[in-house]
Amino acid sequence: MTTFSLIQTLADLRGVSGREGGAAAAVRELLLPYCPDCVCRDGEVIGHIGGEKNPEKPTLLLCAHIDQVGFFVTDITEDGFLRIGNVGGIDNRLLLGQAVKIMGSEPMYGVISILPPHLLQGEQAVPDTDKLCVDIGYSSADALKGKIRRGDAVYYDTTCKPLQNDRVTGSALDDRCGIAALVLAAKALSEEPSLPCNVAIVCCTQEERSGHKGARMAAAMENPDYAIAVDVTFASGTADSGDDCYTLGGGPAIGISSVLDAEMSDKLIAVAENAKIPYQLEIMPESTGTDADALAICSKNGTKAATVSIPQRYMHTPVEVISTKDVEETAALLVAFAKECGRE
């Protein structure tokens, strides 16, 4: 399987926060050859390279989140339109006219309805979420009984596609590209005859919500000595992208933050330089906004946490863009770090 086909397979899975089970089952199958004890638990995927942990070695936890942004059906109008509410942060400017897929008793397709341009006035061009409706082609709520109900998940109806120059676009690359990096790293690490640490691979739930529930559960269960959260970060795309954006194709971004372990960040930098892996530095003076924030504080004995992020354009949209090269280099960095983790 090529890197693109792996990313495509993962990005086309559907699993909004709180509805990750189907995506988790598919990810488990991808990891089983490298993590024979891999299991799904409450939408979370957990496994260990080579199987059971060796209690004499430190544990390194590598995680990426499996959930994606999306919507829930919040109401059905009398004339058969669906009201929807955001799950995760979504830019409403992009919603009008978008094709969506509703996961009812059977999947159905719809479009987020819009007013004709000549009827729009001022702020109506960017409506609040509670003003949005999905048109699925029905004309009454009665006709939808048994087909769609409140609480059903709604997703962008897009598929992952290749662009030019190693670029990929899709609607769930945050953070399925991170999971792709974990799968590539797991494959390489499973081929190592010996590692200085136990390596736990975790695909966490509910990162797109503020509580980081999945990372908290993983930290409590695994009690790792070290943890790396693999996520995405903002990539520059236009001339006015600003200083807080990173170069697409420039390699993974190693996090520097007050919540992260400074020695671990320094070691990631040293490992990248020794292995000649291109990298960037992501400076986050306070929290990181990733699962690393929970991993650092929720284990029983405390965990040294770090972030490695894949640059991404157009985050939380139907057309997120990444570089396959960055995914491969992220995997290479994780492998190189695991081969040194626990050594003096």
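The values are calculated or read from the model by the stated rules, or taken from the named source; none is laboratory data. Remember, predicted model here, so these are calculated numbers, not experimental data. Note that each Cβ is placed from the backbone with ideal geometry, even for glycine, and that neighbours are counted across all protein chains shown. For the accessible areas, the whole protein counts, side chains as well, though only heavy atoms, and no ligand, DNA or RNA atoms are used. Shrake-Rupley method; radii C 1.70, N 1.55, O 1.52, S 1.80 Å.
Just give me the residues in the range 303-321 being more than 21 Å from K276 (Cα to Cα) and touching an Asp or Glu at 6+ places or on another chain (Cβ under 9 Å), in sequence order.
T303, K304, A305, Q312, R313, Y314, M315, H316, T317, P318, E320
One line per residue, one yes/no per condition, for (1) free of Cβ contacts under 8 Å to residues at least 60 places away in the same chain; (2) among the polar types (S, T, N, Q); (3) under 22 Å from C177 (Cα atoms); (4) assigned to a strand (DSSP E or B):
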| site | (1), (2), (3), (4) |
| --- | --- |
| D266 | yes, no, no, no |
| P278 | yes, no, yes, no |
| I283 | yes, no, yes, yes |
| D293 | no, no, yes, no |
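What is the residue count in the range 154-170 for residues that are in contact with a Phe, Trp or Tyr (Cβ under 7 Å, 6 or more places away or on another chain) and open to solvent by 10 Å² or more (accessible area, probe 1.4 Å)? Steps first, answer last, please.
To start, the set of residues in the range 154-170 that are in contact with a Phe, Trp or Tyr (Cβ under 7 Å, 6 or more places away or on another chain) comprises 154, 157, 162, 168.
Among the residues that remain, those that are also open to solvent by 10 Å² or more (accessible area, probe 1.4 Å) are: 157, 162.
Of the residues in the range 154-170, 2 are in contact with a Phe, Trp or Tyr (Cβ under 7 Å, 6 or more places away or on another chain) and open to solvent by 10 Å² or more (accessible area, probe 1.4 Å).
Taking the range 196-217 on its own, how many of its residues are charged (D, E, K, R) and under 10 Å from A64 (Cα atoms)?
Pass one, the range 196-217, residues charged (D, E, K, R): 207-209, 213, 216.
Subset that is under 10 Å from A64 (Cα atoms): 207.
Residues in the range 196-217 being charged (D, E, K, R) and under 10 Å from A64 (Cα atoms): 1 in total.
Looking only at the range 18-48, which residues are hydrophobic (A, V, I, L, M, F, W, C) and part of a strand (DSSP E or B)?
If we filter the range 18-48 for residues that are hydrophobic (A, V, I, L, M, F, W, C), which is where we start, we get 23-27, 30-32, 35, 38-40, 45-46.
If the condition is that a residue be hydrophobic (A, V, I, L, M, F, W, C) and part of a strand (DSSP E or B), then V39, C40, V45, I46 are the ones that fit.
What are the residue pairs meeting all of these: first residue in the range 84-108, first residue at pLDDT below 90 and part of a loop (DSSP other than H, G, I, E, B), second residue among the small types (G, A, S) and open to solvent by less than 40 Å² (accessible area, probe 1.4 Å), Cβ atoms under 6 Å, and 6 or more apart or on different chains?
Cβ pairs passing all conditions: none.
Please go through (1) outside any loop (DSSP other than H, G, I, E, B); (2) more than 19 Å from L31 (Cα to Cα) for A215 and return the number of the only condition it doesn't satisfy.
Result: A215 fails condition (2) only.
Has the range 306-319 got any residue that is more than 15 Å from the chain's Cα centre (by Cα) and either part of a loop (DSSP other than H, G, I, E, B) or at pLDDT 95 or above (or both)? Spell out the reasoning first.
Initial filter on the range 306-319 (more than 15 Å from the chain's Cα centre (by Cα)): 306.
Applying the additional criterion that residues be either part of a loop (DSSP other than H, G, I, E, B) or at pLDDT 95 or above (or both) yields 306.
Yes, the range 306-319 contains a residue that is more than 15 Å from the chain's Cα centre (by Cα) and either part of a loop (DSSP other than H, G, I, E, B) or at pLDDT 95 or above (or both).
Can you find a residue that is surrounded by fewer than 17 Cβ atoms within 10 Å (Cβ to Cβ) and out of contact with any strand residue (DSSP E or B) (no Cβ under 9 Å at 6 or more places or on another chain) anywhere in the range 67-75?
no
A quick yes/no check of all residues on (1) closer than 29 Å to Y156 by Cα; (2) open to solvent by 60 Å² or more (accessible area, probe 1.4 Å):
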{"position": "E286", "(1), (2)": "no, yes"}
{"position": "T307", "(1), (2)": "yes, no"}
{"position": "T330", "(1), (2)": "yes, no"}
{"position": "F337", "(1), (2)": "no, no"}
{"position": "R343", "(1), (2)": "no, yes"}
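Please determine, by comparing only the residues of the range 236-259 that are open to solvent by 30 Å² or more (accessible area, probe 1.4 Å) and under 20 Å from A305 (Cβ atoms), which one is modelled with the highest pLDDT. Spell out the reasoning first.
At the first step, the residues of the range 236-259 found to be open to solvent by 30 Å² or more (accessible area, probe 1.4 Å) are 236-245, 247, 256, 258-259.
So of that shortlist, the ones also under 20 Å from A305 (Cβ atoms) come out as 256, 258-259.
Values: I256: 96, S258: 93, V259: 91.
Looking at the filtered set, the residue picked out is I256.
Return the residues of the range 23-58 that are at pLDDT below 95, out of contact with any Gly (no Cβ under 9 Å at 6 or more places or on another chain) and open to solvent by less than 10 Å² (accessible area, probe 1.4 Å); say none if nothing qualifies.
Selection gives G51 alone.
From the list A218, A188, which one is small (G, A, S), open to solvent by 20 Å² or more (accessible area, probe 1.4 Å) and either over 30 Å from G97 (Cβ atoms) or in contact with a helix residue (DSSP H, G or I) (Cβ under 9 Å, 6 or more places away or on another chain) (or both)? Spell out the reasoning first.
Numbers: A218 fails: open to solvent by 20 Å² or more (accessible area, probe 1.4 Å).
Exactly one residue qualifies, and that residue is A188.
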